[in-house]
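Participant: Quick one: the structure is below, questions incoming.
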Amino acid sequence: MPPPKLGKNQVFFGTFIHSKGLDELEYLHNAAVCVDTSGKIVAVETNCNQQKAVETLYGRLGWSLDDVSVVRARDGGQFFFPGFVDTHVHASQYPNVGIFGKSTLLDWLNTYTFPMEASLSSLPKARRVYTRCIRQTLAHGTTTAAYYATIDVDATNLLADLCYSMGQRAFIGRVCMDHLGPEYYIDESPDQALAATRATIEHVRSLDSDYELVSPILTPRFAPACSAEAMKGLSELQKQTHLPMQTHISENRDEVKLVKELFPNSKSYADVYDTHGLLTEKMILAHAIHLTEEEADLIAERNTKVAHCPVSNSALSSGVARVRWLLEKGIQVGLGTDMSGGYSPSILEAARQAKLASNHLAMPEGQLDGLPQDERDKAKLSIDEVLYLATRGGAQVVGLADKIGAFEVGMQWDAQLIDLGIVPAEVTEDDFTTHGNVDIFGWEKWDERIAKWVFSGDSRNTKRVWVQGRLVHQQT
Ligand code: GUN
Ligand code: FE
């Protein structure tokens, strides 16, 4: 079944902000965006009020007034922004958000992560966890998520059902791990791991035959948790199905060392994936912190994508990924929350932390110490750049660059209505109603408003969220 059609065409009026390119946000004021009943953007018109839309646009589109429902972003701090893309998130770890203590990756997995994931073989528990995870990520403006579920097929299929019914665009990964896991949480064999993966693919296909909203994604957890046979089997399955893939790479120094010990004949961590047929343009690699120059060049050559997860990288003290370095090699990068390595469901938080992590690289005592200051300064990402990574960059990473990430004719209406709530000068302090943490006085320029949103905004500013034209979250 494809997702249901909408009852009416829709027109959105007001200010629209999206990325034109990596370092340039475009501001469209007094604009109109028309969305048809399939959720597709069919017109983007600037300098367009409602009267002009009725006179010119509707005629051109063959719409009558009765066909159309209208949504207006109020002047005074409201604007439409593309929905966020979370390129790396573990739905099954949602209850553990914020719980990591002083652990680092390998002990964190054993202490917190595997027990929680294993417990979701209880379907009632999985339903509670996944429902809240989807609700929270939607409330934070995430319209597309690349999810890891667990090794359990039924619970993973339930995540697909819930994304489909709640209307979130999603990639659903049944986690493959047939090696080195704890005995209570491990695939029995490569064959069983592949059969379980096929079962989830079948289920998602029965739900959404063309993968319009929900798609399977092949998910070898990471090299230490996968046998060579399982990785090769997944590579074969990918060649047959053309499905996307996701895994972790080079997140933590002990992990890199472990991979060297487990695959002594491989040149590097990236080479392990390459020699097992997984390093392709369909693969999303999370973290990519401790890569060598040769590994990054190989990843660029294969057109493999990277999910940058700065919140998790700091929380688990994994390191600072060199995003500028990856981008300059031509690697496509998006943002991931990596819940619950990351402590927040918010891609806005990931964008903020991507900015701050990049500043750390530029500091004299930072990772790039020894380079001249102007060279180090290049590592710093701008506000426009981190918002690009949160939207268009993410869309590239999940293979949907033509479909989502901006307001362009032919793309889907995956969008959020943000309210920064400008308080007019005539309102006294006593009348003050807040819109989250962002205090907008009205005299800021638009780029300054956006900077304030990135640094002090939160889900209270996210008033409404749409996926494929359908309203999927509304603040009450
Ligand atoms: N590496 C292998 N599994 C995981 C996981 O669940 N989270 C993170 N951050 N890294 C991993
Ligand atoms: Fe992860």
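The values are calculated or read from the model by the stated rules, or taken from the named source; none is laboratory data. On a predicted model such as this, the values are computed, not experimentally measured, just so you know. Heads up, the Cβs are rebuilt from the backbone with ideal geometry, glycines too, and the neighbour counts pull from every protein chain shown. For the accessible areas, the whole protein counts, side chains as well, though only heavy atoms, and no ligand, DNA or RNA atoms are used. Shrake-Rupley method; radii C 1.70, N 1.55, O 1.52, S 1.80 Å.
Participant: In the stretch 267-295, which residue that is crowded, with 24+ Cβ neighbours inside 10 Å and in a loop (DSSP other than H, G, I, E, B) is farthest from ligand 2 (Cβ to nearest atom)?
Facilitator: LEU279
Participant: How about the stretch 341-363: which of its residues are farther than 23 Å from LYS102 by Cα and small (Gly, Ala, Ser)?
Facilitator: Our first condition is that a residue be farther than 23 Å from LYS102 by Cα; within the stretch 341-363, this holds for 347-348, 351, 355, 359, 362-363.
Residues satisfying the conditions are ALA351, ALA362.
Participant: Then there is this: Can you tell me which of SER340, SER318, SER358 is more than 16 Å from the chain's Cα centre (by Cα), open to solvent by less than 30 Å² (accessible area, probe 1.4 Å), within 16 Å of ligand 2 (Cβ to nearest atom) and under 23 Å from LEU105 (Cβ atoms)? Before you say what the answer is, go through the steps one by one.
Facilitator: Working: SER340 fails: more than 16 Å from the chain's Cα centre (by Cα); SER358 fails: within 16 Å of ligand 2 (Cβ to nearest atom).
Unique residue meeting the criteria: SER318.
Participant: Also, I was wondering about something else. Give me a count of the residues in the stretch 27-51 that are among the charged types (D, E, K, R) and open to solvent by less than 70 Å² (accessible area, probe 1.4 Å).
Facilitator: 2
Participant: Please return the ranges of helices (runs of 4 or more DSSP H) entirely within the stretch 186-263 where 3 or more residues are within 26 Å of ASP86 (Cβ to Cβ) and more than 16 Å from ligand 2 (Cβ to nearest atom).
Facilitator: Working: elements: 190-207, 228-241, 253-262.
In the stretch 186-263, 190-207, 228-241 are the helices (runs of 4 or more DSSP H) which contain 3 or more residues that are within 26 Å of ASP86 (Cβ to Cβ) and more than 16 Å from ligand 2 (Cβ to nearest atom).
Participant: Name every residue in the stretch 234-251 that is buried (at least 24 other Cβ atoms within 10 Å of the Cβ) and more than 16 Å from ligand 1 (Cβ to nearest atom), in order of residue number.
Facilitator: Answer for the stretch 234-251, where residues must be buried (at least 24 other Cβ atoms within 10 Å of the Cβ) and more than 16 Å from ligand 1 (Cβ to nearest atom): just PRO244.
Participant: Restricting attention to the stretch 356-374, which residues are in a loop (DSSP other than H, G, I, E, B) and at pLDDT 90 or above? Write out each step before concluding.
Facilitator: Initial filter on the stretch 356-374 (in a loop (DSSP other than H, G, I, E, B)): 363-368, 370, 372.
Selection gives MET363 alone.
Participant: With respect to TYR94, determine if the residue is open to solvent by 10 Å² or more (accessible area, probe 1.4 Å), within 16 Å of ligand 1 (Cβ to nearest atom), touching a strand residue (DSSP E or B) at 6+ places or on another chain (Cβ under 9 Å) and modelled with pLDDT of 95 or more. Give the steps one after another, and end with the answer.
Facilitator: Working: open to solvent by 10 Å² or more (accessible area, probe 1.4 Å): yes; within 16 Å of ligand 1 (Cβ to nearest atom): yes; touching a strand residue (DSSP E or B) at 6+ places or on another chain (Cβ under 9 Å): yes; modelled with pLDDT of 95 or more: yes.
When the stated conditions are applied, TYR94 passes them.
Participant: Something else now. Could you identify the single residue in SER103, SER121 that is under 20 Å from ASP154 (Cβ atoms) and in a loop (DSSP other than H, G, I, E, B)? Show your work before the answer.
Facilitator: Values: SER103 fails: under 20 Å from ASP154 (Cβ atoms).
That would be SER121, the only listed residue that is under 20 Å from ASP154 (Cβ atoms) and in a loop (DSSP other than H, G, I, E, B).
Participant: Going by the structure shown, is LYS257 touching a His at 6+ places or on another chain (Cβ under 6 Å), closer than 19 Å to HIS179 by Cα and open to solvent by 10 Å² or more (accessible area, probe 1.4 Å)?
Facilitator: Working: touching a His at 6+ places or on another chain (Cβ under 6 Å): no; closer than 19 Å to HIS179 by Cα: yes; open to solvent by 10 Å² or more (accessible area, probe 1.4 Å): yes.
So LYS257 fails the test.
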